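What follows is a short report on a single structure.
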Amino acid sequence: MATTRAWPDPAVAADLRALRERAPLTHCLTNVVVTNVTANVLLAAGAAPAMVPAVEEAGPFAQAADALLVNVGTVTAADAAAMRAAVAAAGEAGTPWVLDPVAVGALPLRTGLARELAARRPAVVRGNGSEILALAGAAGGGRGVDSTVGSEAALDAARGLAAETGAVVAVSGAVDRITDGERVVEVPGGHVLLTRVTGAGCALGALMAAFLAVSATPLDAAVAASAVMKAAGERAAAGARGPGSFAVALLDELALLGRP
Amino acid sequence: MATTRAWPDPAVAADLRALRERAPLTHCLTNVVVTNVTANVLLAAGAAPAMVPAVEEAGPFAQAADALLVNVGTVTAADAAAMRAAVAAAGEAGTPWVLDPVAVGALPLRTGLARELAARRPAVVRGNGSEILALAGAAGGGRGVDSTVGSEAALDAARGLAAETGAVVAVSGAVDRITDGERVVEVPGGHVLLTRVTGAGCALGALMAAFLAVSATPLDAAVAASAVMKAAGERAAAGARGPGSFAVALLDELALLGRP
Amino acid sequence: MATTRAWPDPAVAADLRALRERAPLTHCLTNVVVTNVTANVLLAAGAAPAMVPAVEEAGPFAQAADALLVNVGTVTAADAAAMRAAVAAAGEAGTPWVLDPVAVGALPLRTGLARELAARRPAVVRGNGSEILALAGAAGGGRGVDSTVGSEAALDAARGLAAETGAVVAVSGAVDRITDGERVVEVPGGHVLLTRVTGAGCALGALMAAFLAVSATPLDAAVAASAVMKAAGERAAAGARGPGSFAVALLDELALLGRP
């Protein structure tokens, strides 16, 4: 049933060119650990990141932006209010958005919030296997921000979550598995060093948001972002001595990917 | 009317030596995307950064510090209270300070706050063309955090804003244009990669704050910071493969600039 | 009286192997300047970082985690509430924790908070000389986040603080001095570039927390973290052009240290 797509898939390459041409303004409400790397990943790929976390401003900015990311990784009650305002405004304006349910499961604030937001028409939900299982109500979550299961073990939960919410669900792992509830696309590749630097998964969610502004469908957007990140990760790992030089090279490779 | 200054202008080089000798304690109330790179840029150049965002502490620390930066890039209502306290304390203590009106224009919280603070005697206001136009009341702002106009298009607004507030106004762009309302100094150079990593403009504002502690006038401080950042950016770009290696080299070059 | 330990001390090497095998889940309530580098240092060394700052979640997560870091570098009143909740929960669950009293002394919120928390059984208190003197009530603190005294000048205060609180007290400096109130261990080495990038000291506190989950005693944990950081710093400095390339190499060397 599953198909496989990976860089240099022509549709992915075309979406990356479109991203660079249009530089979608991507509003990120994300966690304090990864703000910088998220902005730099978006810039390197060709998007225009901005982060506007005040409850007074998050809504208006979500309406002006081309896409929105909501990542609950370090959410507080004040952040949650801004996220609700941004999601409501995005719904009114038709701004497509991504939900990243970081570490949902046992933690009360984020788990309730993520379930509430999942019901408000995100275009894409992105998480690791444990997060998708927990958001779907199937299990109790991972270990901190890390998954305790692979993406394949969460595929049924992902399909169910997609059917329930109308969102494309992207399960990150050694192979990314992305489904709209019916089709399943597998994106292989990448490198284990992507798990040894903080923020690669969170930045992937942001990149999916950016691609929503240029890809034909949310499924295409999620696949394009995964394929681009995995390809850049592979290339970056090839010359890296460790996680420090890998993180630097990842940004370089995101900017270089597909250029002559 | 305009004069041009660029590294290795002798006055700039003297100010950079003074910065390294005195390591001014530079209090940064800045946005959550760029805290780390701001601190690292200040450290690399030779200043001593510190960030004290609590409303209970921001005022006392602004009095103890040698300079203050207020950057509204991700401001919330709680941050705004701390910024007001810091600016009030800086005014009492004579601590010079920089206002960076990130993305002012349509967004309500920051726009009102930036206008309020601009009237409270900042030594320098630094922004891109769209931000300076918006702060001066001449236009509606840029696209997210990016400018939609060059620095030259904002020069009249900058002059007016300088006359109105008493601040030196620095407009960042391919050429930085800096005015005290009468004189205009142009700082050419730099590299487009400075716009492809997050925080270069924000860190420039912080560097202007640090130079306020050692330069003869706010105009000299703003010019010195711009000239140093542009020179380091040029050198960093020369050996960079992309934005990741550029950001790393930028810190190295800031530390190496002008050393034998 | 003092003994000296440094990489490749066999006990330190054994603790580092244990850290990599068990990947302790290390909950960090830390300042907004260093979140990213803290997470990356922990990942590079082999631990599993997570940051859960909401007051509703910080306690439950401190109970689930293997270790906790509380760093007051940019603390606000809202953060303080989460820190109190996390420390209380850690006490109940037996989760060992580190207190990093950044810039205590004159600043009111953090100074009162750090003194309150120091009385609640941290396993380790880590700071620079000025911070340890200030926390012990012996002096007025440093200059911003920087120490104005060396680690030796704070040793008596550290011994007294250890006796008073039951914590191991680690004083960072050109030589790190670590005491349980009776024994003193000196950890030499490192490099001045560790003071020219932001967050090295804060990340060291986080690394001490991670080692608490695997070392035999808090003294061993603090010594292991110091010895590992100093060794990685030396190796990173050997090939660095400046602070940018040093910060990158530091992560690489943390991951490479002791591997064949």
- [ ] Please figure out what share of the DSSP beta bridges in the protein assembly as shown is antiparallel and state it in percent, rounded to the nearest 5.
- [x] 30 percent
Open item on the list: 7 Å along Cα→Cβ for the label point: how many nanometres lie between residue B:259 and each equivalent label in the other copies, listed shortest first?
Closed with: 2.9, 2.9
TODO: Report, for the stretch A:3-256, the % of DSSP beta bridges that are antiparallel, rounded to 5.
DONE: 30 percent
TODO: For the stretch A:38-43, just list the computed ³J(HN,Hα) in residue order, Karplus coefficients 6.51, -1.76 and 1.60, θ = phi - 60°, integers in Hz, with x standing in for Gly and Pro.
DONE: 5, 4, 5, 5, 5, 4
TODO: List every residue whose amide H lies under 5 Å from the amide H of residue C:28, counting only residues 5 or more places away in sequence or on a different chain, with H placed 1.01 Å from N in the peptide plane.
DONE: C:50, C:51, C:52, C:69
Open item on the list: Treating the point 7 Å from Cα along Cα-beta-carbon as the label, what are the nm separations from residue A:13 to the other copies, to one decimal?
Closed with: 5.0, 5.0
Open item on the list: From the alpha carbon gyration tensor of the stretch A:1-126, can you work out the equivalent ellipsoid semi-axes (sqrt of 5 times each eigenvalue) and give them in Å, largest to smallest?
Closed with: 25, 18, 14
Open item on the list: Quick check: residue separation of residue C:17 and residue C:88 times 0.36 nm, minus the Cα distance between them. What number comes out in nm?
Closed with: 22.5 nm
TODO: Please give the residues of the stretch B:160-191, grouped as numeric ranges, whose backbone N is less than 18 Å from a label point set 7 Å along the Cα-to-Cβ vector of residue B:238.
DONE: B:188-191
- [ ] Enumerate the calculated ³J(HN,Hα) couplings along the stretch B:134-139 in order (Karplus 6.51 cos²θ - 1.76 cosθ + 1.60, θ = phi - 60°), each rounded to whole Hz, writing x wherever the residue is Gly or Pro.
- [x] 5, 5, 7, x, 9, 6
Task: Net charge contributed by nearby residues that have their C-beta within less than 14 Å of residue C:55 (K/R +1, D/E -1) - done: -2
Task: Intensity falloff of chain C expressed as log10 I(q)/I(0), Debye formula with alpha-carbon point scatterers, at q = 0.11, 0.13 Å⁻¹ - done: -0.50, -0.71
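Summing Lys, Arg as +1 and Asp, Glu as -1, what charge do residues with Cβ under 14 Å from the Cβ of residue A:23 carry, residue A:23 excluded?
Local net charge: +1.
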Open item on the list: Let me check against my output: what whole-number percent is the relative contact order of chain C, with C-alpha pairs under 8 Å and at least 6 apart?
Closed with: 22 percent
- [ ] For every helix of n ≥ 4 consecutive DSSP H residues, a contribution of -39,500 (n - 2.57) applies; sum these over chain B, divide by its total residues, and give [θ] at 222 nm rounded to the nearest 500 deg cm²/dmol.
- [x] -15500 deg cm²/dmol
Task: Percentage, to the nearest whole number, of Cα pairs in the protein assembly as shown over 34 Å apart - done: 45 percent
Task: Residues whose placed amide H lies under 5 Å from that of residue A:184, excluding near-sequence neighbours - done: A:3
TODO: Let me know the charge dipole size of the stretch A:3-256 about its Cα centre in debye, to the nearest 20, where only the beta-carbon of Lys, Arg (+1) and Asp, Glu (-1) is charged.
DONE: 260 debye
Task: Integer Hz, Karplus 6.51/-1.76/1.60 couplings in order for the stretch C:117-126, x for Gly and Pro - done: 6, 4, 7, 10, 6, x, 6, 9, 10, 10
Task: residue C:125 long-range amide H proximity, modeled H, under 5 Å - done: C:99, C:168, C:169, C:170
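Each value in this text was obtained by applying a stated rule to the coordinates, not by laboratory testing. Not measured: the values here are computed from a predicted model. FYI the Cβ positions are ideal-geometry reconstructions off the backbone, even for glycines, and counts take in every protein chain you see.
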